[in-house]
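The values are calculated or read from the model by the stated rules, or taken from the named source; none is laboratory data. Because the structure is predicted, anything quoted here is derived from the model rather than measured. Backbone-built Cβ (ideal geometry, glycine too); neighbour counts: all protein chains shown.
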Amino acid sequence: MDKKSAAAVLDRLHTVFGVKNDSQLCEVTGVNRPTMGNWRSRNSVPYPLCVSVAEEKGVSLDWLITGEGVMDRSHRTNEDDALLDDPLERSILTLCRSLDEEAKRDIQSVAQEKKRLSDIEKQLTKLMLALADIKRPA
């Protein structure tokens, strides 16, 4: 797929909003489904939407429209610098950047699910400790 096609741009919009399909993208952007379908079928890039999303979400308009450069237009933080110092995270980032948008969304989805499960495990541990405190004889 051409990185500058309407489909590629819409796929990057999926990434920005963390959605999996056009219906979800329509919901978060307020665009009606037939309009989005027309963009895809006519290979018409929604430039006004891209500009407003870039402004609102702080993403690079160049990246959103062309797929070139980095997604986030904000300045790097100390945390970002720390990521570059960690060989494992640098390796993961390099691999991720080599993938197409669909593969990146798949990885994002798996990582979000892993994070959700980790958070649930932490909550469960806290609840088990609280329950054990309640059951202890005074």
Revision key, fill the gap. Restricted to the stretch 65-76 and to residues being of a type outside the set (Lys, Arg) and in a loop (DSSP other than H, G, I, E, B), the residue nearest to Glu102 (Cα to Cα) is Gly67
Point to revise | Candidate set from the stretch 92-138 (those that are over 22 Å from Ala8 (Cβ atoms) and of a type in the set (Asp, Glu)); member that is modelled with the lowest pLDDT | key: Asp133
Point to revise | Residue match in the stretch 53-64 (condition: outside any helix (DSSP H, G or I), at pLDDT 85 or above and not β-branched (Val, Ile, Thr)) | key: yes
Review point. Restricting to the stretch 18-29, what's the tally of residues that are under 13 Å from the mean Cα position of the chain (by Cα) and surrounded by 15 or more Cβ atoms within 10 Å (Cβ to Cβ)?
Key: 2
Exercise for review: Considering only the stretch 1-26, state which residues are free of Cβ contacts under 8 Å to residues at least 12 places away in the same chain and under 23 Å from Ser109 (Cα atoms).
Suggested key: Val19, Asn21, Ser23, Gln24, Cys26
Exercise for review: Take the residues in the stretch 92-118 that are of a type in the set (Ser, Thr, Tyr) and free of Cβ contacts under 8 Å to residues at least 40 places away in the same chain, then tell me which one is nearest to Lys20 (Cα to Cα).
Suggested key: Ser98
Review point. Of all residues in the stretch 27-56, which are free of Cβ contacts under 8 Å to residues at least 24 places away in the same chain and touching a Ser or Thr at 6+ places or on another chain (Cβ under 8 Å)?
Key: Arg33, Asn38, Ala54
Practice item. Would you check if there is a residue in the stretch 30-48 being modelled with pLDDT under 90, in a helix (DSSP H, G or I), surrounded by 14 or more Cβ atoms within 10 Å (Cβ to Cβ) and under 20 Å from the mean Cα position of the chain (by Cα)? Key: no
**Study point:** Hits in the stretch 1-29 - residues which are among the basic types (Lys, Arg) and assigned to a helix (DSSP H, G or I)
**Key:** Arg12
